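The values are calculated or read from the model by the stated rules, or taken from the named source; none is laboratory data. As the structure is a computational prediction, the values presented were derived from the model and not from experiment. FYI the Cβ positions are ideal-geometry reconstructions off the backbone, even for glycines, and counts take in every protein chain you see. Just so you know, the surface numbers come from the protein's heavy atoms only, side chains and all, with ligands and any DNA or RNA stripped out. Shrake-Rupley method; radii C 1.70, N 1.55, O 1.52, S 1.80 Å.
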Amino acid sequence: MGSETIYRATTTAPVNIAVVKYWGKRDTKLNLPTNSSLSVTLSQADLRALTTASCSASYTGGDSLLLNGENAEVTGARTQACFRELRARRAALEAADPSLPKLSTMPLRLVSENNFPTAAGLASSAAGFAALARAIADLYELPASPAELSLIARQGSGSACRSLFGGYVAWRMGDKADGSDSMADQVADAAHWPEMRALILVVSAAKKGVSSTSGMQQTVETSGLFKERIASVVPRNMAIMEKAIAERDFPAFAEVTMRDSNSFHATCADTYPPIFYMNDVSRAAIRAVEQVNAKAGRTVAAYTFDAGPNAVIYYLEKDAAAVVGSFYHILGAVEGWKASTVQGLTSTSAVIEEGIAGILKTGVSRVIETGVGGGPIKTEEHLVAADGTPVKR
């Protein structure tokens with residue numbers, strides 16, 4: 001084929017929201033964590049990154065990335081680490097079979113879109129780097145498993161390794177200095193516990209004041225609570241959570257989810273100077289969940305917060321009336337509700353106390369209804385046209 005040939009591969013990748021949080025690195029260069037973590041992969045029908053990786057000898061100007069219509073930097077150490085590892089694997093294939101086109105030597109042109117706010121506490125970098133790694137691996141026709149690719153995606157964004165699988169996913173911290181055992185594995189697929197749902201209260205779509213990368217290292221260096229968290233809190237929570245998922249035990253799942261979120265944010269507050277990702281609206285969401293559970297007489301909802309103010313509330317499908325109904329009663333005017341879910345769910349009486357409801361009404365800008373979902377999907381919905389130009393959308 002001629003030098004003008006455009007090679008393309010496109011994939012989607014999901015958002016994951018951790019129920020046992022990753023926070024802190026033992027090696028910043030290799031992105032190795034101080035603790036293991038566990039997440040729920042969310043449905044790509046609602047939250048996903050779509051990425052096309054393309055390359056051609058005709059491309060000029062080196063590697064490039066267009067993210068949500070804007071030129072993004074690709075010279076950073078994390079992105080370069082991913083490129084370098086993927087190119088090395090392709091080069092090995094080319095060396096073994098000289099008839100293969102030398103894709104590893106060609107500039108990469110990447111185009112990516114998220115269907116949710118970027119850098120707003122919704123794990124955008126996780127979906128983005130997972131899609132990047134999977135799309136380039138497909139472009140290069142690498143015989144790499146999701147676990148192998150998780151080693152690469154992890155170097156771009158730690159949590160990205162978990163977005164290479166669907167369902168319920170653990171990132172094993174590993175203990176090897178080279179990071180070769182710090183990878184993701186699937187604890188259970190989505191079909192194991194398909195009733196899991198998530199209601200996300202989007203409090204702010206603004207970029208975080210303190211990025212996760214700098215925030216977590218400040219915590220590692222200055223927080224006394226953090227040492228207890230990685231030594232005993234997280235290992236205990238991981239064991240209970242894996243058992244809860246295996247047994248589909250929602251009360252146990254919920255308690256660990258909420259306790260671990262509290263622990264994570266306590267270590268942020270214990271950082272010097274302190275880091276506050278949650279705000280008054282976030283705290284109102286916690287009280288609302290407590291009131292919903294109290295009204296139900298059992299645990300039907302569980303809150304968790306990543307490094308941002310948005311509340312993610314897990315619940316089971318059978319409890320939608322109790323959980324979604326309570327929030328819809330006070331937030332019915334905001335966008336994002338699915339007609340199929342909220343039809344007939346309007347509460348006849350207020351479950352959430354008036355003062356808390358008022359804070360949520362003024363502070364929540366939209367909701368996202370979703371649930372547990374699958375891993376990356378290869379697609380022909382290319383964002384790079386056959387002539388190598390970005391597709392206008």
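A few remarks follow.
- Phi-derived couplings, Karplus 6.51 cos²θ - 1.76 cosθ + 1.60 at θ = phi - 60°, listed residue by residue for region 182-196: 9, 8, 8, 8, 7, 6, 7, 7, 4, 5, 5, 9, x, 7, 5 Hz, with x used for Gly and Pro.
- Converting the Cα gyration tensor eigenvalues of region 165-312 into ellipsoid dimensions via √(5λ) gives semi-axes, longest first, of 24, 23, 15 Å.
- Distance (nanometres) between label positions extended 7 Å along Cα→Cβ at SER365 and TYR59: 3.2
- Taken over region 149-225, the ratio of Cα radius of gyration to 2.2 N^0.38 Å equals 1.36.
- Cα convex hull of the chain - mean projected area over all directions, nm²: 19.5
- Sequence-distant contacts, meaning Cα pairs under 8 Å at least 6 residues apart, place the relative contact order of the chain at 23 percent.
- Value at 222 nm in deg cm²/dmol, rounded to 500, when DSSP H runs of n ≥ 4 in the chain each add -39,500 (n - 2.57): -11000 deg cm²/dmol
- Couplings for region 306-320, taken from phi via the Karplus curve 6.51 cos²θ - 1.76 cosθ + 1.60 with θ = phi - 60°, read 7, 7, x, x, 5, 8, 10, 10, 8, 7, 9, 3, 5, 9, 4 Hz in order; Gly and Pro are left as x.
- Averaged over its residues, region 133-280 has an accessible area of 40 Å² per residue, based on protein heavy atoms and a 1.4 Å probe.
- Placed amide H near GLY371: partners under 5 Å, 5+ positions off or other chain: SER43, ALA198
- Region 306-393, Cα convex hull volume normalised per residue, Å³: 176
- Karplus-derived HN-Hα couplings along region 245-262 (A = 6.51, B = -1.76, C = 1.60, θ = phi - 60°), whole Hz, x at Gly and Pro: 5, 4, 9, 6, 9, 5, x, 5, 4, 5, 4, 5, 4, 6, 4, 5, 4, 4
- Distance between the 7 Å Cα→Cβ label points at LYS243 and ASP181: 2.4 nm.
- For LEU108, the residues whose modelled amide H falls within less than 5 Å of its own, excluding neighbours fewer than 5 places apart on the same chain, are ASP63, SER64.
- Apportionment of accessible area to carbon and sulfur, region 309-390, percent (1.4 Å): 52
- Principal-axis tilt of helix 146-156 within the chain, Cα atoms, nearest 10 degrees: 90
- Rounded percent of accessible protein surface that carbon and sulfur make up, region 118-234, 1.4 Å probe: 56
- Computed extension length for TYR272-ALA95: 58.6 nm, one decimal, from 0.36 nm per residue of separation with the Cα-Cα distance subtracted.
- Taking all Cα-Cα distances within region 1-69, those exceeding 20 Å account for 58%.
- Long-range amide H partners of LEU32 with built H, under 5 Å: ARG26, ASP27
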